[in-house]
Amino acid sequence: KIVRFSNKGEKWIAAVGLYESKPYEIFSGLSEKLNIPNSIDEGYIVRNKIDKTIFDDDEGIEKTIKVSRYDFEYDNSKGETIIVEGLSTIFNEEFWNYGKLISGLLRHGMPINYVIKVISTLDFGKETINSWKNGIIRTLKTFTKDEDLHEPCPKCGGHLRRESGCIQCMD
């Protein structure tokens with residue numbers, strides 16, 4: 001699923017991989033880096049193994065190893081499959097690394113509400129990354145279900161409920 005958001009006048013994009021209709025992984029950064037039409041809101045995140053040549057300092061030789069590369073595939077209006085290579089490398093490395101951390105939490109079954117809570121408590125010390133963080137929280141909230149929360153309202157102690165991604169006090 002593709003989710004677009006704006007923060008502080010900047011346009012951002014997130015590609016959220018779903019497994020059994022639940023967020024499983026997330027790739028995100030400035031939308032100018034992921035060149036897909038605004039009409040596209042879904043596609044496939046595809047993990048490919050590619051050869052990469054590295055220099056092994058210990059052995060003093062070049063070696064070819066297999067590394068993962070994530071691509072984004074979607075069908076255009078003509079029904080053609082378009083592949084955007086390197087979803088895992090086109091965004092800023094800092095966003096990629098935080099995305100890997102969030103993806104790890106999602107892949108191992110942490111409920112989305114708790115992932116959101118963990119992200120919301122992070123303070124990165126830089127305005128850009130904090131702006132990105134707020135967009136990621138909003139993105140993940142689009143995948144939460146309407147549900148009663150098991151914590152009291154911080155203002156009145158009343159009953160909280162999540163509806164359409166927003167937490168509301170029912171009292």
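The values are calculated or read from the model by the stated rules, or taken from the named source; none is laboratory data. A quick note: this is a predicted structure, and the numbers were derived from the prediction, not measured. Glycine also receives a Cβ, built like all others from the backbone with ideal geometry; neighbour counts cover every protein chain displayed. Areas reflect the complete protein model, heavy atoms only, side chains present, ligands, DNA and RNA absent. Shrake-Rupley method; radii C 1.70, N 1.55, O 1.52, S 1.80 Å.
Going by what's in this entry, would Lys100 be described as under 21 Å from the mean Cα position of the chain (by Cα) and within 21 Å of Tyr19 (Cα to Cα)? So Lys100 passes the test. If you go through region 32-59 and pick out every residue that is touching a Phe, Trp or Tyr at 6+ places or on another chain (Cβ under 6 Å) and surrounded by fewer than 19 Cβ atoms within 10 Å (Cβ to Cβ), you end up with 3. Note on region 21-73: residues that are closer than 30 Å to Asn113 by Cβ, among the basic types (Lys, Arg) and free of Cβ contacts under 8 Å to residues at least 40 places away in the same chain amount to 1.
Scan region 85-129 residue by residue and report those that are in contact with an Asp or Glu (Cβ under 6 Å, 6 or more places away or on another chain) and either assigned to a loop (DSSP other than H, G, I, E, B) or at pLDDT below 90 (or both).
Glu85, Leu87
Quick one: which of Leu87, Leu122, Leu140, Leu101 is open to solvent by 70 Å² or more (accessible area, probe 1.4 Å) and among the hydrophobic types (A, V, I, L, M, F, W, C)? If you could, list the steps in order and put the result at the bottom.
On the way: Leu87 fails: open to solvent by 70 Å² or more (accessible area, probe 1.4 Å); Leu122 fails: open to solvent by 70 Å² or more (accessible area, probe 1.4 Å); Leu140 fails: open to solvent by 70 Å² or more (accessible area, probe 1.4 Å).
Matching residue, one of Leu87, Leu122, Leu140, Leu101: Leu101.
Pairs linking a residue in region 86-106 that is touching a residue at least 60 places away in the same chain (Cβ under 8 Å) to a residue that is part of a loop (DSSP other than H, G, I, E, B) and exposed (fewer than 15 other Cβ atoms within 10 Å of the Cβ), with Cβ atoms under 8 Å and 6 or more positions apart or on different chains, are Trp96/Thr89. For region 154-170, the criterion of being within 24 Å of Glu25 (Cα to Cα) and touching a residue at least 60 places away in the same chain (Cβ under 8 Å) is satisfied by no residue at all.
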